[in-house]
Amino acid sequence: MAGLAAGTIAAENGLETLMLRTGQSATAYSSGAIDIIGYPPEGLALKEYLPDTEVPFKTPSDGLRAILTLFPFHPYGIIGFGADDDKVVESVIAHVKESISWLKERLAGSCAALIGGFERNIYPITVLGTTKPTCLIQETMWSETLNANPDNVLIFAGFRGHAEFNALSTTRAYLENQLRTGKPPHKVGHCVLEISPFGKPYNISSIELARHFDHDGSMVDLAAAIKKHVDQLGATHVAIPPVLGIEQALQNKAELQKELGVEVFELVALPPSVPGFRLQRAMDRTFKNAGGTLLIGHQARSAIFKNDMIESVVAQSPRREVTISPKTVILASGKFIGGGLEADENGIRETVLDLMPVTTNLHPAEEVRPVYHTNVFSLSPDGHAVLGAGLAVDMDFRPIDADGVERAKNLFCAGSILAKYNYSLEKSGLGVALSTGLAAGRNAARMAKEVS
Amino acid sequence: MTEEEAFEFVKNTLKEERITPYHKNEIEIVHSVEGCINCGLCINHCPVVAAVGVDRFTGPRSIAVELSRSPPEFWSTADKIYLCTGCGTCREVCPKNVNVPEVVNLVRARIFEHRPDLVPKGLHMVREIIVEHNLAFEPWEDPEEKVESRDVRLERLDIPYTEDIIKKNAEVLFYPGCQAEERAQEVREAAKVVLNYFDVDYTLLDDMSCCGLPSALMGDDETSQRLAGLLKEKVAGLGVKKVVTTCAGCTSNISDISLQDQWSIPVYHMVEYLAEEVGLDRLKQALGSSKEFSEVTVTVHDPCHLIRHTSRRTMQDAIEILKVISGVKVAISEAEDSCCGGGGLVAYHSKDVADSVVQENLISIDKTGAERLVAPCPLCTAQIEANLFKSGSSVEVDDLMVFIAQRLPKK
């Protein structure tokens, strides 16, 4: 996301933009929802410092204000570094707001069209029956009225042989949560549908279902299969795993709603999800439509530095090596999943340019054993500090060394390669990627224009 | 027992257990499997899974996390492992660079060695041809018939015939590959026309032999290595400085073996050679002003062995070349993760799978509205052409070299 946002904004600014990527970016792993900020960075323990703020944050604005107060070096904070002291918070909020509008506008009408806004966090249901705070979700995941009426009846519909979703266990988990919070709907059921893309009711993957539902006429069978359960339970809403299609999901949702007369929406899935696939595809198209060139299958390996500048970048494909000489470089190589950082018992390394990584406390991380920065509980509200490791940057998002000096004047970075941001804990992944991507992209574009 | 005796003892034990120790150059491939985080991203992108589902072909993740981890039981994977087209999509999308296509070859090699009865019969037939003729296709029985077939094709396509050039110390060896040598002869001839037009100092092999890729894909490593060695000898004997081929599979394989066997000369696909060595300016000069052909909208097919086994830049070169040809409008197909289905020798034993894989391509080709499809690979061209014809499509298919040669001014 960070690379695509940065590349797109640079291309929209009239620059010749080339994106190097090995295959898919970490966006393809995401749930397809854009989280801005859901929780404070260092876990629920910090709630004591935020007694007046509800956690999870009710609005992105609440979350950003809390973060900027407690963690000024969080990537969101860096966005506001150029502003006057009393205007930092407002400038960051304005930037994030603008980033959301920018993305919604670019993805409108695409297979990953988004709904939601900066005014409030929304709580879509996941395939596990839990909810998560997020800012934007794909339109296929949206339900306008689910929580509005206590008499609503929700059915979780699964598919026989689709091991990635168990409608019964989701129903149980969701119902337990509803009983605990007392929020509607209170009546929840489940059903298992007999739809099989290849004629066998076993070994069915999400992507197969999504591809199947992209075919014309596939909604007729699905609607018929769901209808009997809707009638039987008197359901007002139907939740299905996010497999309604890759290109046709939104049209399929509309068709199903028309046929069934009830609201239908997709759940948020675990990675790698079909909505993540849609988001990656839609972002790739946005980048290309802006005039960018996407060179997939090439991994940036190293760069040649000259006079505080990157002169060229060397990239490797399976059987070729290419050397590119750009005016500016944006590093958006991700953290451990994206491959931007590597860690072993000897320490943490930045993989492309051998830059200095830092821990979440901004100490050099080259000789830090990751095991000492993990929590003994794999699932903990305090998360794992190692996931906050990354690069320290200056106010223009240029990576800096231990003396605080930028490694190269024309090198910028964005997204999860940045330090002090623990996306899985904060629920801020694609939000930080988007916001810092746009900021770094603009800075790089401005510099490229100055150089020429 | 001495150390040597102990080594021999262990080796014989392994043989009894039907285990072949990994070769030195396989260790990195085997280690790459350890990186698999079982995320399943590869399944979302695998064209064979998309075509036939995970029940028929369990997909790359399964190959990485299950099928590759028990050498004595490799034989039990035989119903799945031969369905991989080797397109390389899984390796490309994998965040941990797990080299699944090479793992497939490694497993196939073990099955070939220890349980040849489980290797599909179609592959045994190809092997017999390769072993007997050093070519992946059976040569024409009557050489005159081969010439007749070539001339008919050239006449239909309006491509002039030029004599073969075979000489020592030429700048370039033009290596057409087995398909263009024995089947799609028009591609071989078209490439000669292009090379002649741009005054490239080239030679052909006096005795064409396969690069060894089909043998490697079926698991016959011995033949594959023999053929690679044979080709190395011929190239060294000719004293050429560069190798240029029109086949995508040959490009990736010869690039690989030339590196492993230290040929010390660069290997190009023809589109790379034209873009990098001849130059777009000369191409534009030659192709940019012809009024002989009516305007045509063209789409391209990206051969897996070029984009995922070599470099996607090759197809950028191909598109740039097409753009300089007068009257040609390029419509880019949105087929992502596409494969013609012809790879991995799948069509030799599971034609239904190969044909299902190509269907995704056909839909995308149709959507472009193009009247013609070009592919810089004779194998992909044949596979797509046959399926488009069967589907009743009016889109015509050409190898890129044929398309270019037709439009070059006659010298």
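The values are calculated or read from the model by the stated rules, or taken from the named source; none is laboratory data. Nothing here was measured: the structure is a model prediction, and the numbers come from that model. With ideal geometry, Cβ positions are generated from the backbone for all residues, glycine too; neighbour counts draw on all protein chains shown. Please note that ligands, DNA and RNA were not included when accessible areas were found on the heavy atoms of the full protein model with its side chains. Shrake-Rupley method; radii C 1.70, N 1.55, O 1.52, S 1.80 Å.
Quick notes on this structure:
- Rg/Rg_globular for segment B:3-119, with Rg_globular taken as 2.2 N^0.38 Å and Rg from C-alpha atoms: 1.12
- Bridgeable lysines around A:LYS187 (alpha carbons under 24 Å apart, same-chain partners fewer than 8 residues away excluded): A:LYS132, A:LYS227, A:LYS228, A:LYS253, A:LYS258.
- Restricting segment A:341-423 to chymotrypsin sites (Phe, Trp or Tyr not before Pro) that sit in a DSSP loop and have at most 14 other Cβ atoms within 10 Å of their own Cβ leaves A:PHE377.
- Each label was represented as a point 7 Å from its Cα along the Cα-to-Cβ direction; for B:LYS291 and B:ILE265 these points are 4.3 nm apart.
- Heavy-atom surface of chain A, accessible at 1.4 Å and reported per residue (Å²): 42
- Computed magnitude of the charge dipole of segment B:3-119 (debye, nearest 20; Cβ of K, R +1, Cβ of D, E -1): 540
- Accessible carbon and sulfur surface of the protein assembly as shown relative to its total accessible area, %, 1.4 Å: 50
- Efficiency of FRET from Cβ geometry, A:LEU270 and B:LEU157, R₀ 51 Å, rounded to 0.05: 0.45
- Those GluC sites (Glu not before Pro) in segment A:151-199 that DSSP places in a loop and that have at most 14 other beta carbons within 10 Å: A:GLU194
- Prolate/oblate/rounded label for chain A (Cα gyration tensor, a/c 1.5): prolate
- Cα gyration tensor category, rounded, prolate or oblate, for segment B:157-208 with a/c compared to 1.5: oblate
- Isolated Cys residues of chain B, judged by Cβ distance under 4.7 Å to other cysteines: B:CYS36, B:CYS39, B:CYS46, B:CYS84, B:CYS94, B:CYS178, B:CYS210, B:CYS211
- Going from the chain on its own to the full set of protein chains, segment B:75-119 has these residues losing 40 Å² or more of accessible surface (heavy atoms, 1.4 Å probe, no ligands, DNA or RNA): B:GLU92, B:PRO95.
- Modelled label positions at B:TRP75 and A:ALA402, each set 7 Å beyond Cα in the direction of Cβ, lie 5.9 nm from each other.
- Separation in nanometres of the label points that stand 7 Å from Cα toward Cβ, at B:PHE389 and A:GLU119: 6.2
- Amide proton proximity set for A:MET19, modelled H, under 5 Å, gap of 5+: A:THR293, A:LEU294, A:LEU295
- A probe of 1.4 angstrom, applied to the heavy atoms of all protein chains, finds B:ASP207 with accessible area near 90 square angstrom.
- Accessible area expressed per residue, segment B:143-278, with surrounding protein chains retained (probe 1.4 Å, Å²): 39
- Annotated for segment B:143-278: lysine pairs at least 8 residues apart or interchain, Cα distance under 25 Å, count 20.
- Over every Cα atom in segment B:261-366, the radius of gyration and the widest Cα-Cα span, Dmax, amount to 16.5, 47 Å.
- Segment B:34-79 and segment B:311-344: distance between their alpha carbon centers, rounded to Å: 29
- Chains A and B, summed buried accessible surface - 1.4 Å probe, Å², nearest 100: 2800
- Relative to the longest principal axis of the Cα atoms of chain A, the long axis of helix A:88-107 makes an angle of roughly 60 degrees.
- Efficiency of FRET between A:ALA83 and B:GLU277 - r from beta-carbon atoms, R0 41 angstrom, step 0.05: 0.15
- With bins 5 Å wide beginning at 0, the percent of Cα pairs of segment B:143-278 falling in each bin runs 2, 10, 20, 23, 20, 14, 8, 3, 0.
- Segment A:362-452 shape via C-alpha gyration tensor axes, a/c threshold 1.5: oblate
- Basic side chains Lys and Arg get +1 at the Cβ, acidic Asp and Glu get -1 at the Cβ, and with that the dipole of the protein assembly as shown about its Cα centre reaches some 1600 debye.
- Each of B:CYS46, B:ILE27, B:GLY88 was placed along the dipole of segment B:3-119 (beta-carbon charges, centred on the mean Cα), and the one lying farthest toward the positive end is B:CYS46.
- Heavy atoms of B:CYS377 accessible to a 1.4 Å probe, total area in Å² rounded to 10: 10
- Candidates per GluC sites (Glu not before Pro) in segment B:154-257, loop by DSSP, up to 10 other Cβ within 10 Å: B:GLU163
- Interface residues of segment A:264-308, defined as those losing at least 10 Å² of solvent-accessible heavy-atom surface relative to the isolated chain (probe radius 1.4 Å), are listed as A:PRO272, A:PHE277, A:ARG281, A:ARG285, A:THR293, A:LEU295, A:ILE296, A:GLY297, A:HIS298, A:GLN299.
- Report note on the peptides A:60-71, A:102-113, A:140-151: ranked by the mean count of other C-beta atoms within 10 Å, highest first, their order is A:60-71, A:102-113, A:140-151.
- Taken over segment A:41-183, the alpha-carbon convex hull comes to 157 cubic angstrom per residue.
- Chain B, helix-only ellipticity at 222 nm - DSSP H runs n ≥ 4, -39,500 (n - 2.57), divided by all residues, nearest 500: -14500 deg cm²/dmol
- Highest average packing first - B:197-206, A:245-254, A:215-224, Cβ atoms within 10 Å: A:245-254, B:197-206, A:215-224
- Helix B:248-260 and the long axis of chain B differ in direction by around 60°, with both axes built from C-alpha atoms.
- Helix axis angle, B:100-114 relative to chain B longest principal axis, alpha carbon, degrees: 60
- Average partner coverage of A:209-216, which counts Cβ from other chains inside 10 Å: 1
- The lysines within cross-link reach of B:LYS390, meaning a Cα-to-Cα straight distance under 22 Å and a gap of 8 or more places when in the same chain, are B:LYS351, B:LYS367.
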